[in-house]
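Heads up: the structure comes next, in structure tokens.
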Amino acid sequence: RAPDAVGDGGERARAAHVVLDIEYERGRVHLVVANCGDGVATDIRVEFSRALRGVDESVEVSSLGVFKRLGVLRPGREVRVFWNSASGVIAIDRAKPFTASVKWIDAGGIERAATYRHDPLIVRDWPQCE
């Protein structure tokens, strides 16, 4: 649970907390933007330290609009974006760790930020189901 912030009038404001996570499920890998807090987040932006390419190298997933200008994310909600198959993600050219810097505006109009480090190779030895 995200901590509450105190508003100007002394009331407790609900705080948003936005994360960028990776989910591995049934041989597929998704990038997930989630609001784990209990307040609304607006103007969400994710900046990746390197390009994340999708299936067949045809799409630079990390440059999709959802990561550049997500308008609103309510508490407990998430946006899942398919990245690639697990075997595709751990291929040599995609296996490098990366960081995702996430910025958002909370209900009080304050810009918040967090940075997350991910290492796709963590799943190399996991059983895969393609």
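The values are calculated or read from the model by the stated rules, or taken from the named source; none is laboratory data. Quick caveat, the model's predicted, so the values are computed rather than measured. Positions of Cβ are generated from backbone atoms using ideal geometry, with glycine treated the same way; all protein chains shown enter the neighbour counts.
Cβ-Cβ distances below 7 Å connect no pair with a first residue in region 69-92 that is over 19 Å from R26 (Cα atoms) and hydroxyl-bearing (S, T, Y), a second residue that is surrounded by 14 or more Cβ atoms within 10 Å (Cβ to Cβ) and at pLDDT below 85, and a separation of six or more residues or different chains. Right, E47: charged (D, E, K, R) and loosely packed, with under 13 Cβ neighbours inside 10 Å or not? No, not satisfied. One residue alone among A34, A16 is under 13 Å from A114 (Cα atoms) and either under 13 Å from the mean Cα position of the chain (by Cα) or assigned to a strand (DSSP E or B) (or both), and that residue is A34. Taken over region 27-44, residues that are touching a helix residue (DSSP H, G or I) at 6+ places or on another chain (Cβ under 9 Å) and either at pLDDT below 95 or surrounded by fewer than 23 Cβ atoms within 10 Å (Cβ to Cβ) (or both) amount to 3. Regarding region 7-18, can at least one residue be identified that is in contact with a strand residue (DSSP E or B) (Cβ under 6 Å, 6 or more places away or on another chain) and at pLDDT 95 or above? Scanning region 7-18, I find at least one residue that is in contact with a strand residue (DSSP E or B) (Cβ under 6 Å, 6 or more places away or on another chain) and at pLDDT 95 or above, so the answer is yes. A Cβ distance below 9 Å, combined with a sequence gap of six or more or placement on separate chains, defines the contacts here; from region 110-123, residues that are over 14 Å from S87 (Cβ atoms) and assigned to a strand (DSSP E or B) reach residues that are modelled with pLDDT of 95 or more and acidic (D, E) in the pairs E111/D43; Y116/D21; H118/D21. All of R94, R53, R77 fail the test of being at pLDDT 90 or above and of a type outside the set (A, V, I, L, M), apart from R77.
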